[in-house]
Amino acid sequence: MAEDPLERSGALASRSHRQYVSPLLEARENRKKGLMGLYARAPIPPGEVLVVWAGRIVTGAELAQVPQEPARYVVQIEEDLYLLSVGEPEPADFINHSCEPNAGLRGQIVVVSMRAIEAGEEVCIDYAMSDGSPYDEFECGCGTPSCRGRITGEDWRRPELWERYAGYFSPYLQRRIEALRGAERGRASRSGSPVGRQPQSVR
């Protein structure tokens, strides 16, 4: 195997993690939502790159064989493909869910701030931005006014989230959303009625 020139140069000598986490963030204990959370150490402007995930890509069938603890740190990145964090958990693995998030996805593996984030504020995404299957469903304890109560792999279907998170969905979910919108427009055109916002068909 060829030697990595970055390793040879020592450019990565100070990096102890496989995944990228902004120096503006730090991991702290959060027993309410899980073991840990990711928090702002200083004010963060909108559009800041916060996290870039890395790991092993597995299929749904392979994910089903993974023990529960490693499977805690996984994100769906495509139809039947999942990014599984490998090794010991890292700060990038500790992004929790909120039904009123301050961060979203840019592509499949990059997390960016959706708005200005204050120092001390927990950085959260809405798992509806990434999850399109029932691999990680749970009762939500975010406590926000718009809390959905239960988080499922079908939450991406909610039309109100399409508007709220426009530009922050994983690309494969955005394709699903556009397909539902197209089907809805087609039905409305055939019936001569206005386009409804509630999707009626399954994928």
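The values are calculated or read from the model by the stated rules, or taken from the named source; none is laboratory data. All values derive from a computational prediction rather than experimental measurement. Heads up, the Cβs are rebuilt from the backbone with ideal geometry, glycines too, and the neighbour counts pull from every protein chain shown.
Say we look at the range 26-53 and pick out the residues that are aliphatic (A, V, I, L, M) and farther than 22 Å from Q174 by Cβ; which of these is farthest from the chain's Cα centre (by Cα)? Checking each candidate, the answer is A42. Restricting attention to the range 152-203, the residues that are among the aliphatic types (A, V, I, L, M), surrounded by fewer than 13 Cβ atoms within 10 Å (Cβ to Cβ) and modelled with pLDDT of 95 or more add up to 1.
For (1) closer than 19 Å to E178 by Cα; (2) free of Cβ contacts under 8 Å to residues at least 24 places away in the same chain; (3) of a type in the set (K, R); (4) in contact with a Gly (Cβ under 9 Å, 6 or more places away or on another chain), each residue gets a yes or a no:
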residue	(1), (2), (3), (4)
M129	yes, no, no, yes
S133	yes, no, no, yes
E139	no, yes, no, yes
C142	no, no, no, no
G149	no, yes, no, no
W156	yes, no, no, yes
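Determine if the range 81-103 includes at least one residue that is over 17 Å from the mean Cα position of the chain (by Cα) and in a strand (DSSP E or B). Taking every residue of the range 81-103 in turn, none turns out to be over 17 Å from the mean Cα position of the chain (by Cα) and in a strand (DSSP E or B). Can you spot a residue in the range 106-122 that is over 23 Å from P70 (Cβ atoms), under 18 Å from the mean Cα position of the chain (by Cα) and of a type in the set (V, I, T)? Scanning the range 106-122, I find at least one residue that is over 23 Å from P70 (Cβ atoms), under 18 Å from the mean Cα position of the chain (by Cα) and of a type in the set (V, I, T), so the answer is yes. Inclusion of S133 among residues that are under 22 Å from Q68 (Cα atoms) and either within 16 Å of the chain's Cα centre (by Cα) or assigned to a helix (DSSP H, G or I) (or both) is warranted. Here is the figure for the range 22-43: residues that are among the hydrophobic types (A, V, I, L, M, F, W, C) and either in contact with a Pro (Cβ under 6 Å, 6 or more places away or on another chain) or in a strand (DSSP E or B) (or both) total 5. If you check V66, V21, V52, V58 for being closer than 26 Å to E163 by Cα and modelled with pLDDT of 90 or more, only one passes: V52. Of the residues making up the range 34-60, those that are under 20 Å from L84 (Cα atoms) and in contact (Cβ under 8 Å) with a residue 60 or more places away in the chain are G34, G37, L38, L50, V51, G60.
Selection over the range 108-126 of residues that are on the phi > 0 side of the Ramachandran plot and not in a loop (DSSP other than H, G, I, E, B) gives a count of 0.
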